[in-house]
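Here the structure is laid out as structure tokens; the discussion comes afterwards.
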Amino acid sequence: MSDIIQLLPDHVANQIAAGEVVQRPASVVKELLENAIDAKASHIKLIIKEAGKTLIQVIDDGMGMSVTDARLSFERHATSKIKNAEDLFQLNTKGFRGEALASIAAIAHVELKTKQEKDEVGTEIRIEGSEVVSQEVCVTPKGTSISVKNLFYNIPARRNFLKSNAVELRHIIDEFHRVAMVHADIKFDMYHNGSEVFSLPITNYRQRIVHIFGAKTNEKLVPVEEETDLVRITGFVCKPEFAKRTRGEQFFFVNNRFIKSAYLNHGVNSAFEGLLKEKTHPSYFIYLTVDPKSIDINIHPTKTEIKFDDEHALYAMLRSTIKHSLGQFNVAPILDFNRDASMDTPYEYKSKMIKTPTIEVDRSFNPFKDDPKENTSSSSKSYTSFKKEPTGGWENLYAGLETPETSSKSLENDFTSIEFESSEVTGSLFNADQEAELEHHITYQLRRKYIVTTIKSGMVIIHQNRAHYRVLYEEVLRNITMASAVSQQLLFPLKLSFSKQEMQILKEVQEHLENTGFVFGEITDTDVSISGIPTATTESEVSVLLEKLINDIEQEVPDSGFSLTDLLVRSISGSIAVKTGIALPKEQQQYIVNSLFACTEPTITPDNKPTFITLTVDDIDKKF
Ligand code: ADP
Ligand code: MG
């Protein structure tokens, strides 16, 4: 058999390499921004059209390239940043593989203009699919401008694989953030389709973070600072009460490079132990500086994972430094006040004398509410009134506290934590009229998690959170799609601030939100004023609700209008549904049971999880 192995032509090799380096427009953005930083730019402009599908341009005022370098920069393995293998262990630059420009030029139309300070004129090169189309002398300011047009024009499969503009733009913004966050000493501007998205002046880390994530961020940040032989740690963690339901803002930078590390993330989380509400994640912006020799960056093609020599020591140091900061800035006491009752152990109440609360606060009472509201459908009325005290709001803390030993500790003992172990248990299980309709049944709450009741054939165990989620979902969906939503006017409009891109998302779903009962006043780039909210929510829940909604949309970004509605409704009803761990008075238990079985789809949550199980008398008989 004759020889069959041959060397691949350069342009094919480049296209293959491009597959690794360039997954999507955001990868190009990352490489070009990093090159500009390596060129010591002090001002970098990023210009994007159609989420990078038609244009990605980066203009810097860095050192520029000579004519020869300009041409060479597009060759594979052409780099000015390392000379030999040893250099790999003391990297001070972002790039070092010499692969990026060659890869990008293989799959796009690229235009480069560059000039060094000492030169009179610059060089302009155009390349399409690795082929140099033209090279000319040009007039251009000091620095480099690279335009990448029609990405993947010669690989339709890749081009078709790209996500919607919203998704691709979000990836680009993520990369932009990761780079901008570590280079506060560089001015960054970003434009999309002709309008400014970010304009970040030269400043310090803290202000840079605030410029990116919005003015409200400033008060949330707690500085973290430590220096040892092994590592220098600086940066910020967010106060625990601002922890998010999604892992949105978690950043590690090692030697000015954004990295991902599940292990170090665990270290940070463990420093927050006991301070966070269930299922929330702390935000953090941590900058680590280590000896370049002690890390290996060469481990991952896109370089977001690196290997540390002494990861365990780093973990321990990170944890103790953050713990120290949280303690020093007195973050813990504030937290006690916002404490989630579900985190308290129920057992301590066993020996305590429990008084029935005598103060009832109707949180939904609004003197400015018009009477006509009373005429709304009975179901929406019932869920409005049901929201009276579902999450044990702070007013509840004062109810039932006539006992003299009102210490700060007992403030936490909000009465929603009382376990109902009353005689009614026996009552409902053995004396209930088996023939009665469901709504006449006695219900019993089990472990502040399940509602138990009987039916003709046996018993039902209902998951309180999931059931309420289903009920609200159908209710909110009805409002959105058919009826005009009922909203409660706020006495004073609520002002919330978000980052620019969060606001962008909010604007995209504004109309949908209005259909659920939100009434928006003035909306700027970063602030929104809200004068009305859906009846199912309370004022204090709104900011968490919108934050979660934005996060959910960021993560799923559905393309079709229908699924966006579904996501929105799921997010809203999910965040206001009564949680596990909340004690429910009898009427609320019965309300959930009755409205669940009035649902079109009572058996599962909108996320397809079972809402209840039944245990027939047969099932029970078998156990005996
Ligand atoms: P790497 O960054 O890994 O060296 P690249 O393919 O990204 O590889 O770039 C190749 C070379 O082109 C760089 O080493 C650098 O010398 C030069 N270069 C790229 N972009 C710029 C820029 N914006 N300003 C000056 N030189 C640049
Ligand atoms: Mg590079």
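The values are calculated or read from the model by the stated rules, or taken from the named source; none is laboratory data. Treat the numbers as computed from the prediction; the structure is a model and nothing was measured. Reconstructed Cβ throughout: ideal geometry from the backbone, glycine too, with neighbour counts over all protein chains shown. Please note that ligands, DNA and RNA were not included when accessible areas were found on the heavy atoms of the full protein model with its side chains. Shrake-Rupley method; radii C 1.70, N 1.55, O 1.52, S 1.80 Å.
Key figures for this structure:
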{"read-out": "Residues satisfying the stated conditions in segment 43-102, i.e. under 20 Å from Ala18 (Cβ atoms) and of a type in the set (Val, Ile, Thr)", "value": "Ile48, Thr54, Ile56, Val58, Thr79"}
{"read-out": "Within segment 16-36, considering residues that are surrounded by fewer than 22 Cβ atoms within 10 Å (Cβ to Cβ) and either of a type in the set (S, T, N, Q) or closer than 16 Å to Val182 by Cβ (or both), the one nearest to ligand 1 (Cβ to nearest atom)", "value": "Glu34"}
{"read-out": "Residue list for segment 90-114, filter: farther than 18 Å from Gly52 by Cβ and away from ligand 2 (no atom under 15 Å from the Cβ)", "value": "Gln90, Lys113"}
{"read-out": "Whichever residue in segment 62-81 is more than 7 Å from ligand 1 (Cβ to nearest atom) and of a type in the set (D, E, K, R) and, among such residues, is nearest to the chain's Cα centre (by Cα)", "value": "Arg76"}
{"read-out": "Meets criteria (of a type in the set (S, T, N, Q), in the same structural domain as Ser195 (by TED's automatic domain parsing), without any contact (Cβ under 8 Å) to a residue 24 or more places away in the chain and more than 12 Å from ligand 1 (Cβ to nearest atom)) for Asn84", "value": "yes"}
{"read-out": "Positions within segment 49-68 being touching a Leu at 6+ places or on another chain (Cβ under 8 Å) and open to solvent by 60 Å² or more (accessible area, probe 1.4 Å), in sequence order", "value": "Lys49"}
{"read-out": "Test: residue in segment 1-12 that is more than 15 Å from ligand 2 (Cβ to nearest atom) and in contact (Cβ under 8 Å) with a residue 12 or more places away in the chain", "value": "yes"}
{"read-out": "Failed item in (1) at negative phi; (2) outside any strand (DSSP E or B); (3) within 16 Å of ligand 2 (Cβ to nearest atom), with Glu117 passing the rest", "value": "(3)"}
{"read-out": "Residues of segment 523-557 satisfying the condition of being within 21 Å of Thr217 (Cα to Cα), small (Gly, Ala, Ser) and either part of a helix (DSSP H, G or I) or touching a residue at least 40 places away in the same chain (Cβ under 8 Å) (or both)", "value": "Ser540, Ser543"}
{"read-out": "Members of segment 125-146 found to be within 14 Å of ligand 1 (Cβ to nearest atom) and open to solvent by 10 Å² or more (accessible area, probe 1.4 Å), listed by number", "value": "Ser130, Thr140, Pro141, Lys142, Thr144, Ser145, Ile146"}
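For every residue, the table says whether it meets (1) touching a Lys or Arg at 6+ places or on another chain (Cβ under 9 Å); (2) charged (D, E, K, R); (3) within 16 Å of Glu50 (Cβ to Cβ); (4) not assigned by TED's automatic domain parsing to the domain that holds His43.
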{"residue": "Lys163", "(1), (2), (3), (4)": "yes, yes, yes, no"}
{"residue": "Arg178", "(1), (2), (3), (4)": "yes, yes, no, no"}
{"residue": "Val182", "(1), (2), (3), (4)": "yes, no, no, no"}
{"residue": "Tyr191", "(1), (2), (3), (4)": "yes, no, yes, no"}
{"residue": "Val197", "(1), (2), (3), (4)": "yes, no, yes, no"}
